[in-house]
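Okay, structure first, notes after.
Here, each number is a calculation from the coordinates, and none is a lab measurement. Note that this is a predicted model, so its numbers are computed, not measured. All Cβ positions, even for glycine, are placed from backbone atoms using ideal geometry, and neighbour counts span all protein chains on display.
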Amino acid sequence: MRRFEFSDSTSNKFWEVEVKGKTLNVTFGKIGTKGQSKPKDFATPEKAKAEMEKLIKEKTGKGYVEVGSKAVKALKPAVGKKTSAGSMGEGLSKAEKQAKVAEEDLGKGVKLEMVLVPAGKFMMGSPASEKNRYDDETQHKVTLTKPFYMGKYEVTQEQWEAVMGDNPSETKEAKYPVTDVSWEDCQEFIEKLNTSTKGNYRLPTEAEWEYACRAGTSTAYSFGAKITPKNANYDDSGIDKPIEGGTYKPNAFGLYDMHGNVWEWCEDWLADYSPGAVTDPKGPTTTGETRVLRGGSFVCFASDARSSLRLSGAPTYRDFSNGFRLARTAL
């Protein structure tokens, strides 16, 4: 196991990597926590080791220092220009201009915007040809029979505070997404929100999340086959923290930051996909071990921000890169 760490005035993170046979294990998170892990299998041990060396080179080039090393390199900030959603639709897609948006007043000037996502069919998961895919991304046809609302942005710190009265986020900024929240914390937030509003708010199912993320596309990302720092806030962007929603362009449904920024909790327990076509899937009905997280984050690799990538965590797990986005059943 090789461990690398990065510390500055705003963050303290670690990154660990090791090869066991043909499997490359990568773990990352906040120093002092267990972190999040994602194993990946290769054809041979040599290929796994080659990928490990490639990742080590990338991380050390971004300021991570291997434990015991004295070399330090500062990260270069590279925040994108914020897209204005209120300037006569300038720079917005036709789909976003026409999107039906519902607004909830949380008090003290804090608003919650939800975008109506139409019912439809799509191929969930990734094709075998997709680069850096995992075996748990089995591609299958999914039909969603009812429209639903999806948060235009990830839930912000000011929205969380308006409902819960506190702010658990490590990097505090009102318009940034709330972080350091577990799946169970999200359920408590939703319960209080539904009590004070007309209700029907919830976490999206995993199928709803991927359908909303893809927004009619079949490529690795909603904007194409590749991702660059111009598209989203992920590891290569060099920002090293969550940022305000709306910094990057939305997808065709008018949803922001479906790739990167913070991981987003889904309602489902993690389980293998059904190999056949399914309708309105909601994951296992019995209790599992971990809940699904989607979308990648500001510290994830480019491949982990793909539309089909699946991560999971215990329902009580909190992390500085975990947040969530609301869904709401359409009345």
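Just a few scattered comments:
- The trypsin sites (Lys or Arg not before Pro) of segment 242-314 that meet both conditions, a loop assignment by DSSP and at most 16 other Cβ atoms within 10 Å of the site Cβ, are K282.
- DSSP beta bridges in segment 196-331 [antiparallel fraction, %, rounded to 5]: 70
- Only the Cβ atoms of Lys and Arg (+1) and of Asp and Glu (-1) were treated as charged; on that basis the dipole of the chain about its Cα centre amounts to roughly 940 debye.
- Among beta bridges from DSSP that stay inside the chain, the antiparallel ones total about 90%.
- Normalised by the number of residues in segment 128-178, the average gap of Cα pairs under 8 Å and 6 or more apart makes the relative contact order 32 percent.
- With only the Cα atoms considered, segment 150-304 has a convex hull volume of 130 Å³ per residue.
- Above-threshold pairs, the threshold being 24 Å between Cα atoms, out of K30/K152; K38/K192; K59/K152; K34/K131; K230/K282; K57/K226: K30/K152; K38/K192; K59/K152; K34/K131; K230/K282
- Of the trypsin sites (Lys or Arg not before Pro) in segment 175-235, those whose Cβ has at most 10 other Cβ within 10 Å and which sit in DSSP loop: K198
- Formal net charge of residues neighbouring L270 (Cβ-Cβ distance under 12 Å; K, R +1; D, E -1): -3
- Among A50, A207, A305: highest mean-square fluctuation, GNM of the chain, C-alpha pairs under 10 Å: A50
- Gyration tensor verdict on segment 170-211 (Cα atoms; rounded if a/c is under 1.5, prolate if a/b is larger than b/c, oblate otherwise): oblate
- The largest-to-smallest principal axis extents of the Cα set in the chain are 55, 47, 41 Å.
- Against the chain, whose longest principal axis comes from its Cα atoms, helix 45-60 is set at around 70 degrees.
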